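Throughout, read-outs are computed from the coordinates displayed, never taken from laboratory work. Because the structure is a prediction, the values reported are computed rather than measured. For neighbour counting, all protein chains shown are included, and Cβ atoms are generated from backbone atoms with ideal geometry for every residue, glycine included.
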């Protein structure tokens, strides 16, 4: 049995808490948030102990894993503190805001001999996995052109509006499409250079970005992310992988299982795409990490892979600000 | 009976000549007065099909009492044929891309001006009902000011001279960029400033660029990306795909110009295909050209529009070769 303590009881914290409930060898023993109400509501899910102070939670010697679900700009501090206390760390994506911080986290986890992983959950989304399987089985030949989109409205819902503060979140390039950077990087090849365009705060409460990636193996990727859709827009992701022998297309809105239409004053259409229990992506990534901790095996999403995704995102941000393509330096950690 | 406007077709090298000829047959006050094609077999066949006279040499066709000609030669020949036609006082409709270099485009535009005839670019998408509706919505301010546009013009790889850069002026970047670069310039109402491109021979192994992402920036700061790849494999269910996601300050338009389709499953042939139930735009294009021939009015989509769209493709090739952004070289007229 692996004992988990969770810090950050927002949306992700709730998602993780619900997932642990279904992981037999995990026990969510503590939850922590500066907001008592939020912490209590999540503690109820598994009957966890509530902490208002992280340091107090860490003093509990039974804790094996700290699950970090707080805003990006705080990741490093809490990860290092947890590692210092010899806890294994699951950290939500993106790993950090700078390469320096991210590398420090990876190095420190090695130094303290604790396991460290980052929540690049797109790898666990069934549709994305199925595509990777199909590519692996040679169904479309060698992948050469990859397009991804990840579109939504401006994230006004966040605590203290931290998503909207690019100093804290990195904006949509660093927070949103880093998912796709990781997916592409990991399954389709390392990135050689990046050219990106973004509104970069030019429009009020709207941002939209595109990044063109040239991979070292010659393939091209077009990665699009949006915080520019009207409020209330349906979150939507798509991908297209074109290979030498075929192509795969996915659109979350076209392949969802339920379209719900209701009228409570306004006509609202919503799209639901429930997945089979065994395929639920957040549960799958956490289960895998818990198993790694329990069996003392290598983690699936390593810290250095998270650093790589971050490096692409930072290059994209640099390109979008300078208007020039950015060639990635060999990353060192 | 009122006299019909006499239109000549110069070459069926580009397969669009066929749909343009069919469209001409549907216009009551127009007639195909002759077909010129250096390929005797193809030319006589087409002349028989459209019940008109065949000319081996286009210059002979230009000696007749035509009002206008449709130029569907290979891209390289556009210049010579258009200039000759203009010098004979014929209005000209040139297949896209308008030309293969700036110098040729300038010659064509100058010949038109000198001879006081109208030269028009064959951009059927300008007459596509979805595109026209989008333009109307944009001009009515429904999505506010345009911030950026993400465009995809995927299609199947053509054959023959299309794969010879000396005749086509390039591969997919020349062939497919221009449709969207024209539409975007029309929507945004600003001129192109900067271009970045990643492209290559990635999918079909035909020794010509078949994959390309072109990132552009307008004088007014709007940015856009154009995916001009011949990305569809032979069993793709439809041809072509012309999509634009237009992000505005008040909303988003998703335009799928060729998506009005229905699906046919043919069990006998074991095929699945999507067929369009809406007219693509060819008819409107040809009707407009007949109007230009009748009245001498300025065409709805001019030769200069075609030249401006081509400038983007030329800049894209420069960018791809140099691995940097390039300023768009504008035509001097």
Average other protein chain Cβ within 10 Å of Cβ, residues A:236-242: 2
Region A:2-119, relative contact order in percent, only Cα pairs under 8 angstrom and at least six apart counted: 23
More than 17 Å apart - percent of Cα-Cα pairs taken over region A:220-269: 56
Principal-axis tilt of helix A:303-322 within chain A, Cα atoms, nearest 10 degrees: 50
Shape of chain B, Cα gyration tensor, a/c cut at 1.5: rounded
Over region B:258-315: Kirkwood hydrodynamic radius from C-alpha pairwise inverse distances, Å: 14.8
Debye-sum result for region A:80-137 in log10 I(q)/I(0), which assumes one identical scatterer on each alpha carbon, at q = 0.14 Å⁻¹: -0.50
Whole-number percent relative contact order across chain B, with pairs defined as alpha carbons under 8 Å at least 6 apart: 20
Per-selection metrics, region B:1-157 (Cα): Rg and Dmax in Å: 17.5, 53
Number of partner chain Cβ atoms within 10 Å, mean per residue of B:191-198: 3
Per-pair calculated FRET efficiency, R0 = 41 Å: residue A:276 and residue A:59 via Cβ, rounded to 0.05: 0.55
Cα-based Rg and Dmax for region A:2-119, where Dmax is the largest Cα-Cα distance (Å): 13.1, 38
Kirkwood hydrodynamic radius (C-alpha pairs) into Stokes-Einstein, region B:25-68, 20 °C and 1.002 mPa s, D in µm²/s: 199
B:185, A:150, A:324 arranged by Cβ crowding within 10 Å, fewest neighbours leading: A:324, B:185, A:150
Orientation-averaged projected area, Cα convex hull of the protein assembly as shown (nm²): 32.7
Nearest 10 degrees, 0 to 90: helix B:303-322 Cα axis against chain B principal axis: 50
Cα centroid of region B:1-42 to Cα centroid of region A:45-67, whole Å: 80
Cα-Cα pairs of region B:43-129 separated by more than 23 Å (percent): 24
Region A:123-257: C-alpha gyration tensor shape, a/c 1.5 cut-off, then a/b vs b/c: prolate
Largest to smallest principal axis extent of the C-alpha atoms in chain A, angstrom: 56, 53, 43
Once the Cα gyration tensor of region A:213-333 is diagonalised, semi-axes √(5λ) in Å: 32, 25, 17
Cα centroid separation, region B:308-328 to region B:100-127 (Å): 20
Highest to lowest packing among B:206-215, A:292-301, A:127-136, A:182-191, scored as the average C-beta count within 10 Å: B:206-215, A:182-191, A:127-136, A:292-301
Exposure proxy order (Cβ contacts within 10 Å, fewest to most) of B:81, A:31: B:81, A:31
Taking N as its residue count, the alpha carbon Rg of region B:177-265 over 2.2 N^0.38 Å: 1.25
Euclidean distance of C-alpha centroids, region A:197-226 and region A:20-43, integer Å: 36
Residues B:147, B:304, sorted so that the one with the fewest Cβ neighbours within 10 Å comes first: B:304, B:147
Region A:55-206: radius of gyration over Cα atoms, expressed as a fraction of 2.2 N^0.38 Å: 1.20
On Cα atoms only, tilt of B:282-295 relative to the major axis of chain B in degrees: 50
